[in-house]
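First comes the structure, then the notes that go with it.
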Amino acid sequence: MTITVPTPADPSLLSGVAAALIDAARDFVLDPPAAESAVVQLGSPGQIRDAFAAVAPLDLAATVEAQPSDVMADLAQLVIDWSVHTSHPRFFNQNFAGPDPVAVAGDWLASALNTTNATFEAAPVFTLMERAVLRKLADVAGWPAYPAETLAPGLFAPGGSTGTLYALQLARHRHQPDLVRVGAGPDRLVLFVSDTGHYAAMKSAALLGLGMDAVIKVATTPDGVMIPSALETAIAKAKTDGYMPFCVIGTAGTTVTSAFDPLDQLANVCDAHGLWLHVDGAWGGSALFSPAQRHRLAGIERADSFVWNLHKMMGMTQQCSALLVKDPGQLGPCFATGADYIFQPDKLYADEDSGDRHFQCARRVDVLKLWLSWQAYGDQGFADRIDQAVARADHTRARIAASDGAFVEVAGEFTNVVFIWVPPELRPFRLEAMSEAARDQLHGLAPQIKARLQQAGTAMLGYQPVHGLNTFRLLFMNPKVTNADVDATLEALDAAGAAALDHES
Ligand SMILES: Cc1ncc(COP(=O)(O)O)c(C=O)c1O
């Protein structure tokens, strides 16, 4: 029997698609889209399917025919046309934006070399690189020096949520060292996170079999910062109620307002009660790169684990997330199974493998883009990136303060500005004096204003309730965003607000 090895329908396929990729990188990453261009061509699911149907259906048919390279290039273009342009200087929708060009190149290179970062034999360079970068990150966090020959002080995880999941497993394992063999013991474990902390805590607790009810939300200040005395009270109550506290999650930069918990004080509480301190620095961890901003994480050197998303503020392509672990000796006992088909102890350089100190088997190479960027920009370039983002947020605050009441800042720290747009008849804005009807109207306007901006493609920004009232959030990380982009976005928001009001009346 002759077996035919499948090949692409046309040998120029790769070059056709690669040409589209290179164009896309130039148009989006090197020279970001012009401010006047649309952030998004908003389409309903039906419109997007229809656009593809004219070239090749998006929903794969029962029989899929191989397409020639010109069709493949058209498909690549359709993907670009209907995607959100997160590198656009008016994209403020989420805690990521504007990929760094060096990171994009690093991601391509890693994909082209296609390996797993689990073993030295499959990834000799990347294994060494991961260890070097994790050591450097630990150093930036002020953790003890980890000599070159010791284990990497942590691992790369596919995101902040997964990093927190792994951290909670480590914490639980320290509490009950036979956990990985016999499963959960009789203790009714609970952990603590601020009531403004990320939902990753809940999801992780559910996955680990602790249950979401095991996550005790600790009260915060009006700015969203955990109150240490409230943590103490919550721990005491949990103990009285028969629960076993095992971990506290401190947040360094909450998703919405970028509030930083007082890590030093949380570490004192953890020391007093023998609890694991995990720090969720998915958003704000990168403040450590800036000498002017790193004070926000004072006490981070006392954490047992620290998750830090470089794919957020540092512009690494998604995903690039480090979980630093203070005692790397805990990783093996927590995650190893000793699979002898891959982690053979008698193979060359067996000790270098990271795979049995990790949960994942196949693992993307997320380190290369970060390592390349660090080489390209240096420590100073990383610091500048953070300082520039903060300067942009400060400019936004100043514009809001000078807006004659059109906007009112309600929360936000560091790189995040959280505010409301105030209809003219409610100016000057006084929350306490507002009728319930006016409050409901204001609350309902935010989604309408966002939708208008989305439909016009002018800007994308998030809205979310803060203290029960929908607010907008501008947050900064993309160095291509200028003060003029901020001003234009506020202007567009003001106009969209007026139009939404007109439409209502
Ligand atoms: C504070 C915080 N923690 C955790 C996460 C989750 O990170 P990821 O999206 O990488 O899972 C986020 C995401 O926005 C976040 O802002």
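What follows draws every value from the coordinates through simple rules; no lab data is involved. Please read all numbers here as calculations on a predicted model, not as lab measurements. Here the Cβ positions follow ideal geometry from the backbone for every residue, glycine too, while neighbour counts run over all protein chains shown.
Numbers below:
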{"read-out": "Whole-number D in µm²/s for the stretch 74-117 (Stokes-Einstein; Kirkwood sum over Cα pairs; 25 °C, 0.890 mPa s)", "value": "196"}
{"read-out": "Fully extended contour minus Cα-Cα distance, from Ala499 to His443, at 0.36 nm per residue", "value": "18.6 nm"}
{"read-out": "Length-normalised contact order of the chain in % [C-alpha pairs under 8 Å, at least 6 apart]", "value": "18"}
{"read-out": "Taking the convex hull of Cα positions in the stretch 82-220, its mean projected area over all directions (nm²)", "value": "13.0"}
{"read-out": "Burial order of peptide ranges 97-103, 266-272 (average beta-carbon count within 10 Å, highest first)", "value": "97-103, 266-272"}
{"read-out": "Paired Rg and Dmax values of the chain, which use every Cα atom, in angstrom", "value": "24.8, 84"}
{"read-out": "Length gained when the stretch Ala34-Leu60 is fully extended (0.36 nm per residue, less Cα-Cα span)", "value": "5.9 nm"}
{"read-out": "Over the chain: helical MRE at 222 nm, DSSP H runs n ≥ 4 each giving -39500 (n - 2.57), nearest 500", "value": "-13000 deg cm²/dmol"}
{"read-out": "Rounded Å value of the spacing that divides the Cα centres of the stretch 437-505 and the stretch 157-200", "value": "37"}
{"read-out": "Sites His273 and Tyr341 - FRET efficiency at Förster radius 35 Å, r taken between beta-carbons, to 0.05", "value": "0.25"}
{"read-out": "Euclidean distance between Cα centres, the stretch 358-385 to the stretch 93-148, Å", "value": "4"}
{"read-out": "Prolate/oblate/rounded label for the stretch 91-159 (Cα gyration tensor, a/c 1.5)", "value": "oblate"}
{"read-out": "Those lysines that a straight Cα-Cα span of less than 19 Å connects to Lys326, excepting residues fewer than 8 apart in one chain", "value": "Lys136"}
{"read-out": "Cβ-based net charge around Thr119, under 10 Å, with every Lys or Arg adding one and every Asp or Glu removing one", "value": "-2"}
{"read-out": "Cα-based reach from Lys450 at 26 Å (exclusive), listing lysines while leaving out same-chain residues under 8 positions away", "value": "Lys312, Lys480"}
{"read-out": "Charge sum, other residues only, whose C-beta stays under 12 Å from Arg439's C-beta, Lys/Arg counted +1 and Asp/Glu -1", "value": "-2"}
{"read-out": "Neighbour net charge for Ala152 - beta-carbon separation under 9 angstrom, K R +1, D E -1", "value": "+2"}
{"read-out": "Dipole-positive endmost among Trp374, Pro479, Gln67 within the chain (Cβ charges, Cα centre)", "value": "Trp374"}
{"read-out": "Label zone at Tyr377 (point 7 Å along Cα-to-Cβ), backbone N below 19 Å, the stretch 84-118", "value": "86-110"}
